[in-house]
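One structure is given below, encoded as structure tokens.
The values are calculated or read from the model by the stated rules, or taken from the named source; none is laboratory data. Computed from a predicted model, the values in this text were never measured in an experiment. Cβ atoms come from the backbone with ideal geometry, glycine included; neighbour counts cover every protein chain shown.
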Amino acid sequence: MSTDSVQSRRLTIGVPRALDYYAHFPLVRELLVGLGFDYVVSEPTNRAVVDAGTSYTVSDACIPVKIFHGHVESLFGRCDALYLPRLVKLRRLKHDGRSFRETFCPKFIGLPDIVRNSMGLETIEQLGPAARARRALRRRLRLREGEVAPGVRELPVVQRGQGGPGLDTDRPIVLDIDIDLTKRLGTLYRVANQLRRLRFFSYPRLYLTYRRALRVQRRYENLLGAGLSPREVLAVIDGAERPERPPTPRGPLAVVGYPYLLYDRFLAAGVVERFTKRGYDVWTPWRLWKDKRALALGARVKSRPLFWHFSNIVCDAGLYLMRYGLTPEQLAGERLSRRGYLYRLARKRPGAHDTPIRGLVHVTSATCGPDAFVGKYLELTAKRLDIPLMVLQVDEQSGEAGVLTRLEAFCDMLERR
Ligand code: SF4
């Protein structure tokens, strides 16, 4: 490969298939492709990814964070930079007329630093300001492509604040981007400044691409609301036929948990699909994600919101489903109407035509701090309303056989009731 082709080659950004991937991947993909980057997603989780991730992390880290490290490692040598967002805030939260601060769990907020330090990676900022960073990156690519002429010794990549030679050139640069959507265009400006260190593009182009990416993200969220899994939704966005919903003679069942646990087929042994195959209409928090009135009703069970964004969605959805069940309009794929919301708000009980859920399954990770609060709310409410509850805790030792045995036993118990 000549020097020119190194310069004209599109940079590849690696996206780990873990944590935020399940919530915002369509937006990220659209943004990267629209700005002229290639992207590569790590393979679905498997035993090798779990083992690699475990070797990089401390033993009390939760399993989603461990496997995130494994996914990052599997992208080494396959991409030039890594998309590693630092999720800080996504929305302003109102509860009972008061405004609350809502953020992410500390492992999310510290993720870029944890990964960078435990895996020895550099951030894009360490390469210096925009033009210098682009030069350093090209030099790094030439090193990797073996384009250094014999006898010419390349200087190591300049690192701010760090002495010693450049790090292993096989390792991608970290795009450590703070995401705070309550600051709207301020966040977009910061994202632009990070990405423009890799490749120049104009601000109008960024804005138009962002608007398009938001539209794709909204479509993704609406299709999740129709009961499709993230994998099915991505296939539909890419042009595949929308899959038929299988028959659900056994009625609605709530399966709540973070998206990176529920939809990772290795971690929770495909729990959503397994209940669907048994004939249940599975309701996850991500199916109610955009049903704001339903989540607001669930939130009223709590005296005040939790601090964590994903935990609030999981908890509010679980509480709503247990307390009110599902309205005919929700079962038909629509959101809770304003009239239905006001009716439940005034009477604090389900309507005459609502369908109660059969039971609730809470999928959680061992050593997850926020889930200690979510689990308690769900447990107390399930006990008070006499709803069967199963807590499915997963960690790196959980085997598929153990999870399946518990699912079978829970289904048998539901069917006997
Ligand atoms: S919310 Fe829990 S499972 Fe998710 S990253 Fe934080 S500690 Fe881990």
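Values as computed for the structure displayed
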item: Residue check for residue 380: more than 22 Å from residue 406 (Cα to Cα), away from the ligand (no atom under 16 Å from the Cβ) and assigned to a helix (DSSP H, G or I); result: no
item: Entirely in segment 19-76, the helices (runs of 4 or more DSSP H) that have 2 or more residues that are closer than 17 Å to residue 114 by Cβ and polar (S, T, N, Q); result: 47-56
item: The lone exception for residue 227 - which of (1) at positive phi; (2) crowded, with 18+ Cβ neighbours inside 10 Å; (3) free of Cβ contacts under 8 Å to residues at least 24 places away in the same chain it fails; result: (3)
item: Selection within segment 43-65 - within 13 Å of the ligand (Cβ to nearest atom) and surrounded by 13 or more Cβ atoms within 10 Å (Cβ to Cβ); result: 53, 57, 61, 62, 63, 64, 65
item: Hits in segment 207-224 - residues which are charged (D, E, K, R), over 15 Å from residue 285 (Cα atoms) and in contact (Cβ under 8 Å) with a residue 12 or more places away in the chain; result: 212, 219
item: Hey, residue 355 closer than 23 Å to residue 273 by Cβ, more than 16 Å from the ligand (Cβ to nearest atom), in contact with a helix residue (DSSP H, G or I) (Cβ under 8 Å, 6 or more places away or on another chain) and not aliphatic (A, V, I, L, M) or not; result: yes
item: Helices (runs of 4 or more DSSP H) within segment 279-346 that include 3 or more residues buried (at least 18 other Cβ atoms within 10 Å of the Cβ) and within 16 Å of the ligand (Cβ to nearest atom); result: 309-324
item: Qualifying positions in segment 100-128 - surrounded by fewer than 17 Cβ atoms within 10 Å (Cβ to Cβ), within 16 Å of the ligand (Cβ to nearest atom) and over 19 Å from residue 53 (Cα atoms); result: 103
item: So residue 346, is it in contact with a His (Cβ under 7 Å, 6 or more places away or on another chain) and among the aliphatic types (A, V, I, L, M); result: no
item: Evaluation of residue 413 against (1) within 22 Å of the chain's Cα centre (by Cα); (2) part of a helix (DSSP H, G or I); (3) farther than 20 Å from residue 285 by Cβ (one fails), failing number; result: (1)
item: Hits in segment 226-278 - residues which are of a type in the set (Lys, Arg) and either within 16 Å of the ligand (Cβ to nearest atom) or out of contact with any Phe, Trp or Tyr (no Cβ under 7 Å at 6 or more places or on another chain) (or both); result: 231, 242, 245, 265, 274, 277, 278
item: Single match in 158, 174, 148, 152 (criterion: modelled with pLDDT of 75 or more, among the β-branched types (Val, Ile, Thr) and outside the structural domain of residue 302 (by TED's automatic domain parsing)); result: 174
item: Single residue of 261, 234 found to be more than 27 Å from residue 402 (Cα to Cα) and in contact (Cβ under 8 Å) with a residue 60 or more places away in the chain; result: 234
